[in-house]
Amino acid sequence: MITETGHYALVLALALALVQSVLPIWGTTRRDPSLVATAVPVALGQLLLVAYAFGALVYDHVVSDFSVLNVVENSHSTKPLIYKLSGVWGNHEGSMLLWVLILALFGGMVAGFARSMADDLRANTLAVQAWISSAFLLFILLTSNPFTRMLPPPIEGQDLNPILQDPGLAIHPPLLYLGYVGFSIVFSFAAAALISGRIDAAWARYVRPWALLAWIFLTLGIAMGSYWAYYTLGWGGFWFWDPVENASLMPWLAGTALLHCTAVMEKRETLKSWTLFLAILTFSLSLLGTFLVRSGVLTSVHSFANDPTRGTFILLILVVFIGGSLALYAWRAPVLKQGGLFAPVSRESALVLNNLLLTTCCATVLTGTLYPLALEAATGDKISVGAPFFNLTFGPLMVAVLLVVPLGQSLAWKRGDLLGAAQRLTAAVAVGAVACALLLAFRHGGPTLAPLGVALAVYVVVGAFTEIARRSGLPGVSLTTALSRLVGLPRSVWGTAFAHAGIGLTLLGLAATGWGVEQIRSIKAGDVVDLGPYQAAVIGTETHPGPNYTEAAVRVDLRRGGALVTTVTPSRRSFATRQSTVSQAGIATLWFGQVYISLGDSHPDGSVDARLFWKPLVTFIWIGALIMGFGGLLSLSDRRLRIGFARRALRAAPMHPHPAE
């Protein structure tokens, strides 16, 4: 019964989404307050219905209702509860339902928390959000119904893909979806502004918190996915330039550019057309990523579906929303009035340069991702575009971005002093140069560019806090006065500094991996393998059962100078239901580095193929991402970025006339 009501809730949600997509815009066109007012309750009602449907699917998985096809194909009665829950979105149908839930969630949040927003802007924004929801609800009901019954029901399910039975799956997809699906509301704001013909600094203040919220989730989602691939796939790597990894990276790059652009627009009320274009582009890239994952046009460990019907449907959605929004942009953007001017040397100019570099990075990743698909479609030839291409193209562009970041922070708004900003960064440059010199003097071997990478990372981290140090007044004031000034700084200033420092720490982790050690060999009891400063002593093999698998683990003692440091137990898990085996890496975090051991095939003589790594400072890759997210949260907590703060400014802003008026 719960399954049927869940399905019925989706049908009702589609009906409400269709109502929400029409009545509010009709009301703003006719200036009818009663029709405009329908947007809020209908959006909240749609959220409740989609949430109920999602809850019904969760219930089916938890109780192992094998009369539901989705549960049969992705669950097993002996599977641990956490994987029953994560199995809800560990498949195409469930993940698309999560997609729609997040769409409805952001619409509901605008309806519930943006009460100070002008009624016409909120109504149009919710209507556009409902267009997107309607399309994906229709997609689910016609091609990807998660509530399809299987009668008669089997006694047992087919279990979830073993590689997805990991705590990371419980965290990574929801965070990732909250990120790039969250940018849908920014897209809706942009479309609403184009429909109404009104965009100003107040609009930027409304958009910026939503863009920042989505960016935080997307940053954490990408980081969690990177770490999940690192310890689950057993390759010892954290980024493979997989097309589906690129599908989440591209919205992040465009979203980062959008965040910086809204700051310029809020401050100077300029770059309006470019800001709107970035808002459209960011969500368009999210839709493109959805198409790549769901259509079957590429093969990836991340991809869900290979159904051409589903791919065609999503391609249609892609064409309608991307094509429609770009057509609306081409029609309306030229009539938007531009705002204030700024000098070539200013913080605004630095942010514009930042935008150009980030969008070029995004275009590079897009080209490397789509070119093989386009070539195969046109000629039938298959090529692979991997790390060498991206390292040679994306890498130098990101170096340029990181060089500009601290400099832009040190410049004043409207008109800056380039020489003064450079002088303020002297300490950052000096500390980076010293770090590089020390590495060259005492560290031998490894990639030639690794010391330069460390120097750049240190420059970015120190440079991120240079402006804060300047604002404190030190060393020209007392410590008490300096602390008082630091406490009084807006949280968005601290947030920006932490976010930029997080990027520097991630770069530090990436650069330091160049001094890692890798051993690929067969190991057996009694072997000792040198891994950088540690010795890995193989003790023996242990076998023990799990809830729905059998595990064969190898115990390895890590020693340094003869003293036992810790023990790791890499293993191979065999899942009888799926008749497959997956590797579970043994990882020991030692300070900020890690010893990483992954097992391969076993041999009759008792030996096991293994990959053994020592990765110095590798944890900074993910610590940096966490600090980026923390910086975003600090900025989001600033009262100036709270949703609704710009009500007075928005109401005071003049309405730009519609071309037809």
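The values are calculated or read from the model by the stated rules, or taken from the named source; none is laboratory data. Predicted, not measured: the structure shown is a model, and the values here were computed from it. FYI the Cβ positions are ideal-geometry reconstructions off the backbone, even for glycines, and counts take in every protein chain you see.
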Q.
Please determine whether any residue of the stretch 123-142 is within 19 Å of Tyr206 (Cα to Cα), β-branched (Val, Ile, Thr), in contact (Cβ under 8 Å) with a residue 24 or more places away in the chain and assigned by TED's automatic domain parsing to the domain that holds Leu23.
A. yes
Q.
Any residue in the stretch 431-442 that is closer than 13 Å to Gly453 by Cα and assigned by TED's automatic domain parsing to the domain that holds Pro406 sitting within a Cβ distance under 6 Å of a residue that is at pLDDT 90 or above and aromatic (Phe, Trp, Tyr)? List the pairs, counting only those 6 or more apart or interchain.
A. Gly432/Tyr459
Q: Return only the number of the condition from (1) modelled with pLDDT of 90 or more; (2) not in a helix (DSSP H, G or I) that Phe217 does not satisfy.
A: (2)
Q: Select from the stretch 74-95 the residues that are over 28 Å from the mean Cα position of the chain (by Cα) and crowded, with 16+ Cβ neighbours inside 10 Å and write down the one among them that is farthest from Met1 (Cα to Cα).
A: Lys79
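Rundown of residues vs (1) free of Cβ contacts under 8 Å to residues at least 60 places away in the same chain; (2) aromatic (Phe, Trp, Tyr); (3) outside any helix (DSSP H, G or I), yes/no style:
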{"residue": "Ile322", "(1), (2), (3)": "yes, no, no"}
{"residue": "Arg332", "(1), (2), (3)": "no, no, no"}
{"residue": "Phe342", "(1), (2), (3)": "no, yes, yes"}
{"residue": "Asn355", "(1), (2), (3)": "no, no, no"}
{"residue": "Thr359", "(1), (2), (3)": "no, no, no"}
Q: Could you please find all residues in the stretch 220-258 being part of a loop (DSSP other than H, G, I, E, B) and either modelled with pLDDT of 90 or more or under 14 Å from the mean Cα position of the chain (by Cα) (or both)?
A: Trp239
(Q) If I filter the stretch 52-64 down to residues being out of contact with any Ser or Thr (no Cβ under 7 Å at 6 or more places or on another chain) and either acidic (Asp, Glu) or free of Cβ contacts under 8 Å to residues at least 24 places away in the same chain (or both), which single residue comes out as surrounded by the most Cβ atoms within 10 Å (Cβ to Cβ)? (A) Val62
Q | Out of Asp32, Asp60, sole residue that is among the charged types (D, E, K, R) and more than 23 Å from Leu142 (Cβ to Cβ) | A | Asp32
Q. Quick one: would you say Val405 is buried (at least 18 other Cβ atoms within 10 Å of the Cβ), in contact (Cβ under 8 Å) with a residue 60 or more places away in the chain, farther than 29 Å from Val429 by Cβ and not polar (S, T, N, Q)?
A. no
Q. Is it true that Leu633 is under 30 Å from Leu489 (Cα atoms) and touching a helix residue (DSSP H, G or I) at 6+ places or on another chain (Cβ under 9 Å)?
A. yes
Q: Would you mind listing the helices (runs of 4 or more DSSP H) fully within the stretch 28-89 where at least 1 residues are of a type in the set (Lys, Arg) and in contact with a Pro (Cβ under 6 Å, 6 or more places away or on another chain)?
A: none
Q) Looking at this structure, is Arg198 basic (Lys, Arg), in a helix (DSSP H, G or I) and touching a residue at least 40 places away in the same chain (Cβ under 8 Å)? A) no
Q: Restrict the check to the stretch 1-8 and report whether at least one residue is over 27 Å from Leu176 (Cα atoms), assigned to a helix (DSSP H, G or I) and among the aliphatic types (A, V, I, L, M).
A: yes
Q) Scanning the stretch 231-283 for residues that are within 30 Å of Val517 (Cα to Cα) and without any contact (Cβ under 8 Å) to a residue 60 or more places away in the chain, which turns out surrounded by the most Cβ atoms within 10 Å (Cβ to Cβ)? A) Glu245
Q) Is it the case that Thr513 is at pLDDT below 90 and either closer than 30 Å to Ala464 by Cα or in contact with a Leu (Cβ under 8 Å, 6 or more places away or on another chain) (or both)? A) yes
(Q) Checking the structure you have, find out if any residue of the stretch 155-172 is among the acidic types (Asp, Glu), over 23 Å from Leu336 (Cα atoms), modelled with pLDDT under 95 and crowded, with 22+ Cβ neighbours inside 10 Å. (A) yes
Q.
Can you say whether Ala191 is assigned to a helix (DSSP H, G or I), at pLDDT 85 or above and not charged (D, E, K, R), as far as the supplied structure shows?
A. yes
Q: Take the residues in the stretch 422-441 that are in a helix (DSSP H, G or I) and touching a Leu at 6+ places or on another chain (Cβ under 9 Å), then tell me which one is surrounded by the most Cβ atoms within 10 Å (Cβ to Cβ).
A: Gly432
